[in-house]
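Here is the structure we will look at, set down as C-alpha cells.
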Amino acid sequence: MDKRFFNMFGLTEDQAIALLKTPTEQLAAPTEHYVAVSHLINFPTERSINALIEVVQNPGSDLYDRITRRKALESLGRLQVKDALPLIGSCLGDEDCYTVENAVWAIGEIGTDDPDILEEIAQLLDKPNQSYRTIIQTLAKLNYQPAAGRIKKFLSADDPSIKSAALSNLCRLTGDYSQISEVVAFLQHQNVNARRGSIQDLIDANYYDAIPQISRCPVSIVFRLRGIRLLADAGLAEGKVSFASVEPYLDRVIRDRPDDLDLVHEYDQKPTLDFVINELYHTDFGRCYLASKTLLELYLDEAPDALLNAWDKEAHNDYGAHYHVIKLYGWLRYAPAYDLLVEALGNTMPQFQKSRAAAAIALGNLGDKRAISILKDALNTQIFDLKYASLLALKELGDTTGNEIAADDSDWLIRAKAGAIVADS
C-alpha cells in the first residue's frame, strides 16, 4: 500500500487521538475530526483501532460527523480489522448512501465468506440510490456467485462507470470474457471518470491483453501506470506476462507524450494561445494532453514564454499544470528551464510527485549532461515512476552506470528495465 499521502499534516498518534476527542465546539476548524481519523491509518495499534471503532459507534447528525464516520469505516477497512466486521456490517442499512458505500468497500478490503453479510450487500443492488459500482466490485471480489443474476441488470445502466463494472465483474464471476471488449472500449469514452473506471475494471478482470490500450488511454499517468503495473504483476505470477511484452508500454506511459495517446477530444477551430495554456489546468487530463499537443504543433515559437508566464502566475502551484509544463519544457528542449526541472526533480511534496518523473524525462530530453549525477541520485527512491524515468533519462544522456544501482532493486520491473538497458548498450 502506498502511504505517501496518508500523513500530509504530520500528526503523531497521540495528537490524532487527542484531536479526535476534542469537542466539536473547541475545534479550530470543523474538519479537524476528519483529519484526525485520516491520520490513524498510519498507526495500526489497538488504541487507534478502538478510536476508529468509537467514531463508527457514535454517529452524529452533523455533516462533518457523517464525513468523519465514513472515513473511520474506510480506515478500518484499510487496516483490515476483522473484529470490526459485525460493526461495519451494521452500517449497511444506514440512511446515508455514502456511509453504506464505505461500509461495503471496507468489508471487501477485510474479506469475508459470511453468507449473511454477502447477501445483505447483494440486496443493496435492489435498493435505489446506492453506490452500485462499489457494491458490484465488492461482490465479485468476494466471489459471491448468487449476485451474478442481480448484477446483469446493470449491463444496461446509463452510467458508463456502473455498466463497465457490471461487464467486468460478471466476467470474473462467470468466467465468460466474451463481452470484455466493451470494457476496453470505455478507455475511449468522452467521460473521464468512465475512462478511469474502465482501467480499474480491466485490472479487476485480470485482462492482460488490455495493457497496450491502457497505455494509450488519455487519463493521468497515475491511472495508466497503476493499471499496467498491477496487470504485469498478476500476469507474471500466472506466467502470462513477461517484461519484454510489457516494456514498450511502460516506456510509453513514463514518457507520456501526447502523440502516444488516443485522444478523445478535439478543437473545432484553431484555439488561441491563451485558451490552450488555460487547458493545461483542466481536471480531465485528456484535455491537457490535447493542449500540449496543440502547443507543440501550432505554437512552437511562442510556447516557452507563454509557459513561463503561466508558471509564474499559477502553474508552479497547481499540481496538474505543474506536471504538464515540466514535460513541455523537455519536449521544447528549452535549455533555460534546466534549474526549474532540477528543482521539480527534487520536490518531495506529495501532490507534486508525478512531476518528479516528468522532470527526469525532461532533463533527458534537454541533453544537458550536468543532470547525470542528479538522475543517478534520484534512483535511490521508493517511487517507481521516478526510478523508471531516471533510467530512461540516463540512457538518453548516454550513461548506463545507473543501471548498476537499479540492478538489485526490490521491484522486478525496475530490475528488468536496468537489465534490458545494459543488454541494449
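Restricting things to alpha carbons, find the Rg to Rh ratio for segment 237-331 using the Kirkwood radius for Rh. Using Cα coordinates only, the ratio equals 1.07.
Please express the shape of segment 188-277 as an equivalent ellipsoid: the semi-axes are the square roots of 5 times the eigenvalues of the C-alpha gyration tensor, given largest first in whole angstrom.
Details: eigenvalues 162, 40, 16 Å².
Listed largest to smallest, the semi-axes of segment 188-277 are 28, 14, 9 Å.
Within straight-line reach of LYS21, meaning a Cα separation under 19 Å, sit the following lysines at least 8 residues removed in sequence or on another chain: LYS71.
Here, the chain has an Rg and a Dmax of 23.4, 65 Å when only alpha carbons are counted. Between GLU238 and ASP301, full extension at 0.36 nm per residue minus the direct alpha carbon distance yields a gain of 17.7 nm. Peptides 234-240, 97-103, 256-262, ordered by how many other C-beta atoms sit within 10 Å of their residues on average, highest first, read 97-103, 256-262, 234-240. Based on every Cα atom in segment 133-255, Rg and the maximum pairwise Cα distance Dmax equal 14.0, 44 Å.
Where a number appears in this text, it was derived from the coordinates with a stated rule and is not lab data. Small disclaimer: the values here were computed from a predicted structure and weren't measured. Heads up, the Cβs are rebuilt from the backbone with ideal geometry, glycines too, and the neighbour counts pull from every protein chain shown.
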